[in-house]
Structures are given as C-alpha cells and as structure tokens.
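Data block below; observations after.
The values are calculated or read from the model by the stated rules, or taken from the named source; none is laboratory data. Bear in mind that the values here come from a model prediction, so they are computed numbers and not experimental data. As a convention, Cβ positions derive from the backbone with ideal geometry for all residues, glycine included, and neighbour counts pool all protein chains shown.
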Amino acid sequence: MTATTTGWAAFHRRATALDVLIADLDRTGASDLTWTDELAAVFTSRDDLLVALHDKWTRRLQGRIDTAAELDLEPAAVAVADAWRQVAAELPAVRRVLDTHAQHPALRRHEQHEHRLIAVAAELAAMVDPVEWAAARGARLVDDVRLSAPQPRQGFGDRLRAAVRIA
C-alpha cells in the first residue's frame, strides 16, 4: 500500500465517521460530542474532531459563497448572509456543535479565518486588511444573520434559472 493509498483511505475513514456522527447528531438533536471508541479510531482527539466538523462547515460555506459570487445576482453582503443561512439549514447538527464549542481553543483560529473569509466575500474587508480586523467585521455579519429573521427568498435553483435567462 502506498502513502497515497493510505492517505485516501484515512480521508475516506474520516469522512465516513463524520457522516455517521452528523447523522446521529441530526437524529438525536444533540449539540455536544460523545467521544466513542469508533471516533477515537479515526480522530486523534476531540479537538481533531471539532476541527474536522469546522472544516466540513467551512468547505460547504465557501462553496455556497463562491457560487453566489459567480452568479452575482445580489449585493455581496446579502449573498454571503444567504449562503450562511443555507448552510446552517443544510448542516444544522454541525452548526449546533460548533455553536456549543464556539469558545473552544481548538476552534479559535479556524473561526477567525472563517469570519475573515466572510468579511472579504461580503466586501466588508480586503485581503490586505489585518486578519483580526477583517475577522471582527465578518463576525458582526454572522451575528446580524443570526439575529435577523429568515427572509423568504428565491431558492438557489430559481436564482440560477433567472441568471441563465438573463445571460
């Protein structure tokens, strides 16, 4: 077995374990993690598991933000807020766990980078701005999204069809 094969095998074991965990969290409505032997066989620690959940969240969010930027159907801050809401609706268990562990030291740097990404994508900051400053602006946007009532908006498919008709 080569290092690449081993790496892919580990990647798939981690992905499968995350999917099982998320399904269980969705089913139970739990917001905390129960460390099991199965998880310990795949993740090095609870911190590693938390970071893996955050990575799943961030990859999905980044994809939604990228798609919204490509379509350019609404102002950047609105599109980013919509993307955040959509991902929160798609991954409610992941969001619950991340919210429960928001102050966990293993997530601090990851949250900061996520908030910076949000601020830059929403055109509230630029990549040349200090990370802490940009992250604070992104965190404020996320706080506003959490506080605002969900607004009825066109679904992604409807907006995509409208964009295709326009082009």
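The condition (being over 18 Å from ALA89 (Cβ atoms), out of contact with any Lys or Arg (no Cβ under 9 Å at 6 or more places or on another chain) and surrounded by 13 or more Cβ atoms within 10 Å (Cβ to Cβ)) is satisfied by just one residue among ASP47, ASP26, ASP37: ASP47.
Would you pick out the residues in the range 1-19 that are surrounded by 13 or more Cβ atoms within 10 Å (Cβ to Cβ) and hydrophobic (A, V, I, L, M, F, W, C)?
Those that are surrounded by 13 or more Cβ atoms within 10 Å (Cβ to Cβ) and hydrophobic (A, V, I, L, M, F, W, C): ALA15, ALA17, LEU18.
Identify all residues within the range 129-144 that are farther than 18 Å from ARG85 by Cα and either of a type in the set (Val, Ile, Thr) or part of a helix (DSSP H, G or I) (or both); write none if there are none.
Of all residues in the range 129-144, those farther than 18 Å from ARG85 by Cα come to 129-136.
Listed by number, the residues that qualify are VAL131, GLU132, TRP133, ALA134, ALA135, ALA136.
When the range 58-74 is filtered for residues that are hydroxyl-bearing (Ser, Thr, Tyr) and more than 23 Å from LEU107 (Cα to Cα), only THR67 remains. Look at (1) in a helix (DSSP H, G or I); (2) at pLDDT 95 or above; (3) not acidic (Asp, Glu) and you find that ALA126 fails only one, number (1). In the set (1) on the phi < 0 side of the Ramachandran plot; (2) modelled with pLDDT of 95 or more, the condition left unmet by THR67 is number (2).
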